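Report on the following structure.
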Amino acid sequence: MIGFLHTAAVHRDTFQALVDRHAPGVAAVHVVDEEPLAGARERGPDALVHRQVRAGLDELVARGASLAICTCSSLAGIAERLGRDAGGPLPVPVLRVDRPMAEAAVRAGRRIGVVTTSASSVAPTGELLTECAAAAGLAVELVPATCPDAWDLFTAGDLDGYARRIAATAERLAPAVDVLVLAQASMEPAAARLRHLPVPVLTTPRLAVEAAAERHAAG
C-alpha cells in the first residue's frame, strides 16, 4: 500500500486519480494535515514541524502503508530523511515527491526554470535540483521565478485563478530556459495551460506516483 501525507485536502483526489491510472490495483491511504506547512511558512522547518511530519508518516505506517510520500515540496526533504532507506526511524521507505521530477529536470537541460508560489518551497527545491545535478555529473543553472501572490488564490479556493497566475509566470520565463519545473504539487493544473511552450514542463505528482508504483511492484 502506498501512503500519502498531504498538506491540503485537494491533493487527495489528485494523487488517488494518478494511482488509479498508473498503479491500478494498488491500494492507497491518505492523511491530510495542514499544520506542518502552515508552521513551515510562518516559522521555517522548526522542531514542531518535524514532529508533525513524523506524526503524519507514523499514521500512514499504522494504517498499512509500505511506502510513503509526503506530497508537499516544502516538507518532502524532512519526510525523506525520516524514511528507512535514508537511515531514519520509520520502518518503510519514504519517496520525496519532487525527487523524480528533479532527476528528470537535470537531464532535460542546463538552464532550469523553477516556478514556485510558496517561499517555503524555494530553498528545498533549489537544493534538491543542485543535488541531483551533482549526482548525475551535470552542470545546471537555476532560474527561479516566484509568484507568492498566487498562493492567496489557492488558499481561497480559486484554483483556476491560481493556475492562470502560475501559467503566466511560466510563459514569461520559458524563453530563457531549457526546461520548466512547477515545483509544488498544487501547481499541477497549470501544466495543461503550458502545452504550447517549446520547452518541457515538469510537475511532481505524476512522476512521483509512477516512481512509487515501480518501487511498489519491485517489492
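The values are calculated or read from the model by the stated rules, or taken from the named source; none is laboratory data. Just so it is clear, the model here is predicted, and its values are computed rather than measured. Reconstructed Cβ throughout: ideal geometry from the backbone, glycine too, with neighbour counts over all protein chains shown.
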Checklist outcome for this item: If you go through Val115, Val122, the only one that is within 18 Å of Cys70 (Cβ to Cβ), hydrophobic (A, V, I, L, M, F, W, C) and under 13 Å from the mean Cα position of the chain (by Cα) is Val122
Checklist entry - Is there any pair linking a residue in segment 12-40 that is free of Cβ contacts under 8 Å to residues at least 60 places away in the same chain to one that is hydroxyl-bearing (Ser, Thr, Tyr) and buried (at least 20 other Cβ atoms within 10 Å of the Cβ), with Cβ under 7 Å and at least six apart or on different chains, and which? => result Asp33/Thr7; Glu34/Thr7; Pro36/Thr7
Checklist outcome for this item: When segment 172-219 is checked residue by residue, the ones that are touching a residue at least 40 places away in the same chain (Cβ under 8 Å), over 13 Å from the mean Cα position of the chain (by Cα) and part of a strand (DSSP E or B) are Val179, Leu180
Checklist entry - Which residue out of Glu171, Glu188 is touching a Lys or Arg at 6+ places or on another chain (Cβ under 9 Å), buried (at least 17 other Cβ atoms within 10 Å of the Cβ) and under 26 Å from Glu103 (Cβ atoms)? => result Glu188
Item to check | Of all residues in segment 11-25 being part of a helix (DSSP H, G or I) and touching a helix residue (DSSP H, G or I) at 6+ places or on another chain (Cβ under 7 Å), the one that is surrounded by the fewest Cβ atoms within 10 Å (Cβ to Cβ) | outcome: His22
Item to check | Residues of segment 28-55 satisfying the condition of being modelled with pLDDT under 95 and small (Gly, Ala, Ser) | outcome: Ala38, Gly39, Ala40, Gly44
Item to check | Enumeration of residues in segment 118-171 that are acidic (Asp, Glu) and in a helix (DSSP H, G or I) | outcome: Glu127, Glu131, Asp149, Asp152, Asp160, Glu171
Checklist entry - Only one residue in Val209, Val201 is β-branched (Val, Ile, Thr) and within 20 Å of His6 (Cα to Cα), so which one is that? => result Val209
